[in-house]
Structures are given as structure tokens and as C-alpha cells.
Amino acid sequence: MARLLPVIAVLAAWLYAMVDCAMADRAAVRGGLPKAAWFLITVLPALGTVLWFIFGRPRRAAPPNAGGNRGGRRPVAPDDDPDFLRGL
């Protein structure tokens, strides 16, 4: 069983990389290669998976509040809302 675990882990990562590559936005794929080329690279189980995750996978968008500004977001609780507190 211990010998089978690394094989299962590589196969799971390979399958995830292929599905991730297939579902990635064509314009967001990095690495200077088209999405079809990245999909062919991910056919290589270990090497293709590592290359996809390091060089080809699109970066996640920054969270909406990454800059620390409120950005128009309303407070969650009433006691955090300055307008509510002014009305008390």
C-alpha cells in the first residue's frame, strides 16, 4: 500500500492539472504558449503537471479588499456601521 500511495498522488495531481488546464481561460494562461500547447504539455504525467502549475496556470485574482481600502463595502454588523451608530 505504501508503494501505491505516490503513484496515486501523481495520478491525482496529473488529472487535476489536465482538468485545470482545460477549464482555464484562454487569455489568462501564462507562459507565452497557447492553451492547446499547455494541454499537450500536461499529458506528461509528472513533468507536465509541475510545468503547468509553475509556469502556465493563471494567477488567481486579488481579493476585492487586497489593498486595505473599504471599496464601498458595507459593514457586516450594525455596531460596526457608523451611520447606524450616529442614529442612536
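The values are calculated or read from the model by the stated rules, or taken from the named source; none is laboratory data. From a predicted model like this one, the values you see are computed outputs, not experimental measurements. In this analysis, Cβ positions are derived from the backbone assuming ideal geometry, glycine residues included, and neighbour counts consider all displayed protein chains.
Selection of first residues in region 19-40 that are assigned to a helix (DSSP H, G or I) and of second residues that are surrounded by fewer than 11 Cβ atoms within 10 Å (Cβ to Cβ), restricted to Cβ pairs under 8 Å at least 6 apart or on distinct chains, gives the following pairs, ordered by first then second residue: LYS35/ARG26. The numbered conditions (1) small (Gly, Ala, Ser); (2) out of contact with any Lys or Arg (no Cβ under 9 Å at 6 or more places or on another chain); (3) surrounded by 16 or more Cβ atoms within 10 Å (Cβ to Cβ) are all true for ALA2 except (3).
You will find that of ALA17, ALA24, ALA12, the residue that is touching a Gly at 6+ places or on another chain (Cβ under 9 Å) and modelled with pLDDT of 90 or more is ALA17 and no other. Inspection of region 57-75 finds a residue satisfying the criterion of being over 23 Å from ALA27 (Cα atoms), at pLDDT below 75, touching a helix residue (DSSP H, G or I) at 6+ places or on another chain (Cβ under 9 Å) and not basic (Lys, Arg). Each residue in region 48-63 was checked for being hydrophobic (A, V, I, L, M, F, W, C) and surrounded by 12 or more Cβ atoms within 10 Å (Cβ to Cβ), and 5 pass.
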